[in-house]
Amino acid sequence: GGEGNSANNTANDPTTINGGPDLRLTKTHAGTFSPGQTGATYTITVANAGATATSGTVTMTDTLPVGLTATAIAGTGWSCTLATLTCTRSDPLAAGASYPPITLTVDVAATPPASVTNTATVSGGGDVNTANNSTGDVTLIGQLPDLTLTKTHAGSFTQGQIGATYTIMVTNSGIGPGSGTVSVTDTLPV
């Protein structure tokens, strides 16, 4: 013995062990959806960014926002249930590889919000990093104008009257702004 300074007798070295599968999701769509649109699609891909293959069941679950209704969900090799928007599979996914994509088909409500976020989560497969298992896809929904026309006049007109007037009003009853030129054509009776 006779150690004079015991304060420096221990050391540690934090070490990250790159082992196990690390599941990640990507979710994409094309363009802007439209109110009342049918058959709009999302593509969901599960990848393994880890160092080893997955083992056991991998589950992907999608959560639709208000304004979208699912009509189909499928992917090669996936077992999917439309009612729960869940897809599963048990075959190993190699490190650095991706499963075939899942296609989620939705209909858009007639009066949806201008923007929605569709989220998805992946779990299982022996995933060692659950911090990156969810993703959201912000989706813009084009807000369409709906122009309406009203035409009014005051009182009764008389034969030979000069300067009788009609008031014509154009309003937008839609959920989005109009764009471009608006034309009004009036057809007078005999």
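When the stretch 107-141 is examined, which residues are found to be surrounded by 18 or more Cβ atoms within 10 Å (Cβ to Cβ), in a loop (DSSP other than H, G, I, E, B) and under 13 Å from the mean Cα position of the chain (by Cα)?
Correct list: 112 only.
Can you confirm whether the stretch 96-105 contains a residue that is in a strand (DSSP E or B) and either open to solvent by 50 Å² or more (accessible area, probe 1.4 Å) or at pLDDT below 95 (or both)? Outline the logic, then answer.
Here is the first cut: in the stretch 96-105, the ones in a strand (DSSP E or B) are 98, 102-105.
Applying the additional criterion that residues be either open to solvent by 50 Å² or more (accessible area, probe 1.4 Å) or at pLDDT below 95 (or both) yields 98, 103.
Yes, that holds for at least one residue.
Quick check on residue 83: is it part of a loop (DSSP other than H, G, I, E, B), modelled with pLDDT of 95 or more, open to solvent by 50 Å² or more (accessible area, probe 1.4 Å) and among the aliphatic types (A, V, I, L, M)? Let's see the steps before the verdict.
On the way: part of a loop (DSSP other than H, G, I, E, B): yes; modelled with pLDDT of 95 or more: yes; open to solvent by 50 Å² or more (accessible area, probe 1.4 Å): yes; among the aliphatic types (A, V, I, L, M): yes.
Considered against the rule, which asks whether it is part of a loop (DSSP other than H, G, I, E, B), modelled with pLDDT of 95 or more, open to solvent by 50 Å² or more (accessible area, probe 1.4 Å) and among the aliphatic types (A, V, I, L, M), residue 83 comes out as yes.
Can you work out which of the residues in the stretch 123-146 that are closer than 22 Å to residue 40 by Cα and either of a type in the set (A, V, I, L, M) or touching an Asp or Glu at 6+ places or on another chain (Cβ under 7 Å) (or both) is modelled with the highest pLDDT?
Here the residue is 138.
Take the conditions part of a loop (DSSP other than H, G, I, E, B), aliphatic (A, V, I, L, M), farther than 19 Å from residue 33 by Cα and at pLDDT 75 or above and apply them to residue 190. Does it pass? Even if it seems obvious, please write down each step before you answer.
On the way: part of a loop (DSSP other than H, G, I, E, B): yes; aliphatic (A, V, I, L, M): yes; farther than 19 Å from residue 33 by Cα: yes; at pLDDT 75 or above: yes.
Yes, satisfied.
Which ones in the stretch 86-95 are in contact with a Cys (Cβ under 9 Å, 6 or more places away or on another chain) and either crowded, with 17+ Cβ neighbours inside 10 Å or of a type in the set (A, V, I, L, M) (or both)? It would help to see each step written out before you state the result.
Pass one, the stretch 86-95, residues in contact with a Cys (Cβ under 9 Å, 6 or more places away or on another chain): 86-88.
Answer for the stretch 86-95, where residues must be in contact with a Cys (Cβ under 9 Å, 6 or more places away or on another chain) and either crowded, with 17+ Cβ neighbours inside 10 Å or of a type in the set (A, V, I, L, M) (or both): just 87.
Looking at the stretch 85-103, is at least one residue more than 14 Å from residue 59 (Cα to Cα) and within 18 Å of the chain's Cα centre (by Cα)?
There is at least one residue in the stretch 85-103 that is more than 14 Å from residue 59 (Cα to Cα) and within 18 Å of the chain's Cα centre (by Cα).
The values are calculated or read from the model by the stated rules, or taken from the named source; none is laboratory data. Please read these numbers as outputs of a predicted model, since none were measured by experiment. Quick reminder, even Gly has a Cβ in these numbers, built from the backbone with ideal geometry, and neighbours come from all protein chains shown. The protein model used for the area step is the full one, side chains on, heavy atoms only, and it has no ligands, DNA or RNA in it. Shrake-Rupley method; radii C 1.70, N 1.55, O 1.52, S 1.80 Å.
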